[in-house]
Structure formats: structure tokens, C-alpha cells
Amino acid sequence: MKITLASLATLLLFSCTNENHSPVPQDSVHRDTAAFNPSSREGTIRSLEKQHSTFIVSGKGDSLLGLYDDDTRILGDNSTIYSGKSGAKEYWTHAGDFYSLDRNMVSLNGNKELLYEIGIETFKAHGTDSDYTGNQKYLVIWKLNTDGHYR
């Protein structure tokens, strides 16, 4: 099933309405976290991104898995969804032989429990016939776990 931007917008619209199908007032959502400022966690998320890139480039797959939890979902190419830590390991095992991976955070929003990071990553990897470089957009949803760490 192909998800288009229009269908995603429709899904988001329906998820943001109450039973009367009217928009939910922003002040009624997460009142207990209204004073939370996502930028207060920017240093933490940048540090996690640095670890992520270092683990991928160095091939430390077991260390990389520590950044994921059982709720992980990675949306791979061709609509493949990789789930959980085992899915993350499978995805990164086949993702490519990276020798450079840099992420540039464009925005960080959300609340204390869930942060939404959007950015652009630049990568360099060894291919079958030659090396290649690229840029791509990314979205990471960071969840604050019961142990106090974002994954």
C-alpha cells in the first residue's frame, strides 16, 4: 500500500480531532508538559546522534542496538518496516558500508515523553562498484523510557 502525502495529512487530521470532529484545542493537550521546552534536550539528542553515527561508521552493531528499544520502527526502502532491536540490527546490517555519516538537526519539537527530530544526513559509503555519497531527510521520534533515557 502506497502512502501519499495527502493520505498522511488526512490521517493526521483525523487523529487530531475529538468525537465531534472538531480540532482539539492545543491548550487541552498535555497540560502537564505545557512548560516543557524541547530545546532543553537538544544537547542530549545531538549526543545520541553522534553516538549513532559513530557506531554505524565503526561497525559496532551491538553498541548501536543500545540506542533502540523493542518499540523501534525503521521505515526502510521499498516500504519495508523493520521492528524492534532485531529489526534495527537487520536494517543496519544491510544498509551499506558507511565510512562517513553526519546528521544535521533542523528542528526538535514535542514534549518530555516524545521528541520529534527532523534533519538532513550526509553519508559516504563503499558500494559494489564504487563509492557513493548522498543526502537524505530523516525523522526520528525519541521516546523517553522508564530508565530516563531517550531511545
For the stretch 24-35, what are the residues that are at pLDDT below 80 and open to solvent by 30 Å² or more (accessible area, probe 1.4 Å)? VAL24, PRO25, GLN26, ASP27, SER28, VAL29, HIS30, ARG31, ASP32, ALA34
For the stretch 36-100, please list each of the helices (runs of 4 or more DSSP H) lying entirely inside it that holds at least 2 residues being on the phi < 0 side of the Ramachandran plot, in contact with a strand residue (DSSP E or B) (Cβ under 6 Å, 6 or more places away or on another chain) and at pLDDT 90 or above. 42-58
Among the listed residues LYS89, LYS85, LYS143, LYS112, identify the single one that is out of contact with any helix residue (DSSP H, G or I) (no Cβ under 7 Å at 6 or more places or on another chain) and of a type outside the set (Ser, Thr, Tyr). LYS143
Over the stretch 48-70, the set of residues exposed (fewer than 13 other Cβ atoms within 10 Å of the Cβ) and either touching a residue at least 12 places away in the same chain (Cβ under 8 Å) or under 17 Å from GLY110 (Cβ atoms) (or both) is ASP70
Just a yes or no: is a residue in the stretch 119-128 surrounded by 13 or more Cβ atoms within 10 Å (Cβ to Cβ) and either on the phi > 0 side of the Ramachandran plot or in contact with a Ser or Thr (Cβ under 6 Å, 6 or more places away or on another chain) (or both)? yes
Look at the stretch 96-118 and say how many of its residues are open to solvent by 30 Å² or more (accessible area, probe 1.4 Å) and within 17 Å of the chain's Cα centre (by Cα). 12
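The values are calculated or read from the model by the stated rules, or taken from the named source; none is laboratory data. All of these numbers come straight from a predicted model, not from anything done at the bench. Cβ atoms come from the backbone with ideal geometry, glycine included; neighbour counts cover every protein chain shown. We work out accessible area using only protein heavy atoms, side chains counted, and drop any ligands, DNA or RNA first. Shrake-Rupley method; radii C 1.70, N 1.55, O 1.52, S 1.80 Å.
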